[in-house]
């Protein structure tokens, strides 16, 4: 567990996490701009196996997950070398997220091989000081995915999102590596409503240990 921060002191490394379509990247951009931080975005569209995975998960899952694992590892190594890490960092993914996907998409044999590689890489990756885990209902996720209109996401099924949400919830229920802020986003829009964002910022600036649950009651 990281040491308790002083009131108003920002974590040096913040990660925003959550299921597909929940709004990770949008919030990470807002936070990086607000805190004058370096922005570290997941390179989703550079994965050549991802369109095939959405069309036929069983056939393309292993290649997709291994590409993500190695790509994220390489990105983390480049980001946190030397002078680059002198600046605060806000990212839109946790390195361990690939394991969440791997556990629900890979066969037992594929998962065993994947974990051998992941176990070698994971200890070399810096841990965030604060993770902001965004939650949303499947209905909200589908609406947001449709709104952003990515072709490769058009065939995502509600059942897959429900399974993924359950896997994320299970992972973060047991998460102990840093402070964890769990935010229900069904009734918030950090981009369209500055007051929603400012309320979240106040909570980020208030030090806490362990897990803190934030359920905003803003009207939709």
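The values are calculated or read from the model by the stated rules, or taken from the named source; none is laboratory data. Bear in mind the structure is a predicted one, so any value in this text is a computation, not a measurement. As a convention, Cβ positions derive from the backbone with ideal geometry for all residues, glycine included, and neighbour counts pool all protein chains shown.
Figures for the structure shown
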read-out	value
Qualifying positions in region 76-111 - within 16 Å of residue 43 (Cβ to Cβ), part of a helix (DSSP H, G or I) and within 15 Å of the chain's Cα centre (by Cα)	76, 97, 98, 101
Evaluation of residue 168 against (1) under 26 Å from residue 45 (Cβ atoms); (2) out of contact with any strand residue (DSSP E or B) (no Cβ under 9 Å at 6 or more places or on another chain); (3) at pLDDT 90 or above (one fails), failing number	(2)
Hey, residue 183 surrounded by 16 or more Cβ atoms within 10 Å (Cβ to Cβ), at pLDDT below 95 and under 18 Å from residue 22 (Cα atoms) or not	no
Test: residue 17 is buried (at least 17 other Cβ atoms within 10 Å of the Cβ), in a loop (DSSP other than H, G, I, E, B), in contact (Cβ under 8 Å) with a residue 12 or more places away in the chain and within 11 Å of the chain's Cα centre (by Cα)	no
Conditions (1) in contact with a strand residue (DSSP E or B) (Cβ under 7 Å, 6 or more places away or on another chain); (2) under 16 Å from residue 152 (Cβ atoms); number of the one not met by residue 27	(2)
Residue that is farthest from residue 161 (Cα to Cα) [pool: residues in region 36-52 that are in contact (Cβ under 8 Å) with a residue 12 or more places away in the chain and part of a helix (DSSP H, G or I)]	46
Test: residue 119 is surrounded by fewer than 17 Cβ atoms within 10 Å (Cβ to Cβ) and under 30 Å from residue 12 (Cα atoms)	yes
Considering residues of region 36-61 that are farther than 22 Å from residue 110 by Cβ and surrounded by 18 or more Cβ atoms within 10 Å (Cβ to Cβ) only, the residue nearest to the chain's Cα centre (by Cα)	40
Filter result for residue 125 (in contact (Cβ under 8 Å) with a residue 12 or more places away in the chain and within 13 Å of the chain's Cα centre (by Cα))	no
Residues (in contact with a helix residue (DSSP H, G or I) (Cβ under 8 Å, 6 or more places away or on another chain), at pLDDT below 95, within 21 Å of residue 177 (Cβ to Cβ) and surrounded by 12 or more Cβ atoms within 10 Å (Cβ to Cβ)) located in region 122-163	125, 126
Search result, residues across region 190-220 that are touching a helix residue (DSSP H, G or I) at 6+ places or on another chain (Cβ under 9 Å), part of a loop (DSSP other than H, G, I, E, B) and in contact (Cβ under 8 Å) with a residue 60 or more places away in the chain	190, 191
Subset tally (residues that are over 24 Å from residue 104 (Cα atoms) and touching a helix residue (DSSP H, G or I) at 6+ places or on another chain (Cβ under 6 Å)) for region 164-188	2
Check on residue 4, over 22 Å from residue 114 (Cα atoms) and modelled with pLDDT under 90	yes
